[in-house]
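Read-outs throughout are calculated quantities, based only on the coordinates presented, and are distinct from any laboratory measurement. Source: prediction; values computed, not measured. Here the Cβ positions follow ideal geometry from the backbone for every residue, glycine too, while neighbour counts run over all protein chains shown.
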Amino acid sequence: MDFSKADNKVARKLFEVALQRELKKEMQLFSEILDQWKTQQPEDNRDDYYKIFSAVTDFDKHIARRYDGLRNSWFLGTVTALLVEKIITTADLEDFSEEGKSQILRNLRFREENQL
């Protein structure tokens, strides 16, 4: 199922909100890694550098998979995944049409029932 054109516009705006939330969350993780490094001050910094490098690289891959080249036909699945991962909430769905919300919630229930 695909969203209407109006719901596609709402989804695109929601993806930007979700991206900003994910960036903020991950930046806090990067900060925690650096704070831990600052308190420990090891002689060999390679392990801590690798932790930061790995975290940034893994997150970059995640963001690219989720948001780059997103097609309209993937919008429903992406919105559902964002709900499952608690990046967005059902309150964030308020701008969708009733049909759009219904599609999203149906898809969410299906995933939960089938533990996808």
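When the C-alpha to C-alpha distance is required to be over 19 Å, the pairs from LYS25/LYS86; LYS5/LYS61; LYS38/LYS61 that qualify are LYS5/LYS61; LYS38/LYS61. Extent along the principal axes, Cα only, for the range 47-95: 44, 23, 14 Å, with the longest axis given first.
Here's the list of aspartates and glutamates a cross-link from LYS51 could span, going by alpha-carbon distance under 16 Å and ignoring same-chain residues fewer than 8 apart: GLU26, GLU32, ASP35, GLU43, ASP60.
Of the three principal axes defined by the Cα atoms of the chain, the extents in descending order read 59, 28, 21 Å. Taking Cα atoms only, the orientation of helix 46-67 departs from the longest principal axis of the chain by about 10 degrees.
In this Cβ point-charge picture (+1 for Lys and Arg, -1 for Asp and Glu), the chain has a dipole of about 400 debye about its Cα centre. In plain terms, the chain from LEU108 to GLU94 could stretch by 3.5 nm, reckoned as 0.36 nm per residue minus the Cα-Cα distance. Taking the average, over residues, of other Cβ atoms within 10 Å as the packing measure, peptides 77-84, 2-9 rank 77-84, 2-9 from highest down. From its DSSP helices (H runs of at least four residues, each -39,500 (n - 2.57)), the chain gives a residue-normalised ellipticity at 222 nm of -25500 deg cm²/dmol. Taking 19 Å as the straight-line reach from the Cα of LYS9, the lysines in range (excluding those fewer than 8 positions away in the same chain) are LYS101. Taking 17 Å as the cut-off, the amide N atoms of the range 73-116 that come nearer than this to a point 7 Å along the Cα-to-beta-carbon line of ARG65 belong to 74-75, 77-87, 116.
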